[in-house]
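The values are calculated or read from the model by the stated rules, or taken from the named source; none is laboratory data. Not measured: the values here are computed from a predicted model. Positions of Cβ are backbone-derived with ideal geometry, glycine not excepted, and every protein chain shown enters the neighbour counts. Just so you know, the surface numbers come from the protein's heavy atoms only, side chains and all, with ligands and any DNA or RNA stripped out. Shrake-Rupley method; radii C 1.70, N 1.55, O 1.52, S 1.80 Å.
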Amino acid sequence: MIRYTQKFGKEWKHDHKNFAERKVNMDRNAPIGVFDSGIGGLTVAREIMRQMPQERIVYFGDTARVPYGSKSQETVLRYSRQIIRFLKTQGVKAIVIACNTASACALETVKQELDIPIIGVIYAGARTAAEATHNGKIGVIGTEATIRSGIYTREMQKLRPDIEVIGKPCPLFVPLVEEGLFHDSVTDEIASRYLSSLKEKYIDTLVMGCTHYPLIRSTIRKVMGDKVNLVNPAYETAIELKNLLERDNLANKCDVDSPSSMYRFYVSDAEEKFKLFANSILPFDITMTKQINIENY
């Protein structure tokens with residue numbers, strides 16, 4: 001059970017100097033910032049907790065402005081910059097954009113603006129899919145913005161030019177997940193309608209190109225069948241982050257006492273709903289989330 005204390009708050013206070021000046025003395029105990037348009041990024045946070053239990057996390061879910069997938073690239077970039085500015089006030093040592101739409105629309109731009117490492121969720125998933133396919137036919141499901149960007153196709157064809165990528169936007173999956181309708185006849189029907197065209201293409205690998213989608217993995221599996229490899233970029237992203245921190249000498253080497261000193265959660269709206277959802281999927285219960293006005297950043 002996580003309880004946040006005044007001591008916890010003090011532990012997370014950092015001196016925000018330019019990264020270039022302080023990276024030699026960067027506090028390995030500093031947290032990792034993770035953000036998403038809503039709750040889907042919790043699938044990435046969960047994998048980071050599993051793969052790197054010694055690492056602290058500050059999570060931000062933009063629950064007031066979800067979904068991102070139907071918004072313009074300019075809007076998603078503005079949202080991402082605001083969230084990054086907030087995360088930097090928390091003294092993070094690295095940032096994970098745990099949102100495919102924001103990774104597609106904003107990552108390359110904000111990477112040039114930041115003085116700390118930042119990664120998205122697309123490259124790791126693209127690499128895994130390219131390695132997994134046997135017949136070279138890969139499906140990608142995601143938001144309208146992610147599919148429209150063509151970023152998965154570009155990344156996979158860099159690795160294997162012969163790969164055929166079939167993208168399919170599934171805009172209703174995010175609100176269904178946000179409402180907790182994981183095992184519902186409505187979700188089954190929508191999934192069947194969305195995925196039928198991909199089945200007709202005889203794909204052997206399917207990338208769940210939105211961090212919300214692993215939460216309805218069983219429904220997707222039921223529709224696609226056991227012969228199709230389902231790629232969950234959340235796991236691969238956690239591994240990429242682990243390698244990055246070790247390479248840059250930023251991995252936390254300290255022992256930790258309990259989750260109460262490890263994880264903090266912020267949202268832009270509906271903190272109680274977020275907390276209930278987080279407790280249903282994370283390995284540790286959280287007792288507090290804090291709502292902030294992200295427009296102030």
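Here are some notes:
- Here Thr289 fulfils each of the conditions (1) in contact with a Lys or Arg (Cβ under 9 Å, 6 or more places away or on another chain); (2) at pLDDT 90 or above; (3) open to solvent by less than 40 Å² (accessible area, probe 1.4 Å); (4) closer than 21 Å to Ile48 by Cβ apart from (2).
Residues are listed down the side, and each one gets a yes or a no for (1) among the β-branched types (Val, Ile, Thr); (2) farther than 30 Å from Gly136 by Cα; (3) touching a residue at least 60 places away in the same chain (Cβ under 8 Å):
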| position | (1), (2), (3) |
| --- | --- |
| Arg217 | no, no, no |
| Asn232 | no, no, yes |
| Glu240 | no, no, yes |
| Arg247 | no, yes, no |
| Ser258 | no, yes, no |
| Tyr263 | no, yes, yes |
| Glu272 | no, yes, no |
| Lys290 | no, yes, no |
| Ile294 | yes, yes, yes |
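- The residues of the stretch 252-283 that are in a loop (DSSP other than H, G, I, E, B), modelled with pLDDT of 85 or more, over 18 Å from the mean Cα position of the chain (by Cα) and not polar (S, T, N, Q), listed by number, are Met262, Asp269, Ala270.
- Residues within the stretch 80-106 that are under 19 Å from Ile147 (Cα atoms) and open to solvent by less than 20 Å² (accessible area, probe 1.4 Å), tallied: 10
- Flag for Cys210 being exposed (fewer than 15 other Cβ atoms within 10 Å of the Cβ) and either touching a residue at least 40 places away in the same chain (Cβ under 8 Å) or among the charged types (D, E, K, R) (or both): no
- Where helices (runs of 4 or more DSSP H) fall wholly inside the stretch 2-60, the ranges with 3 or more residues that are modelled with pLDDT of 90 or more are 42-51.
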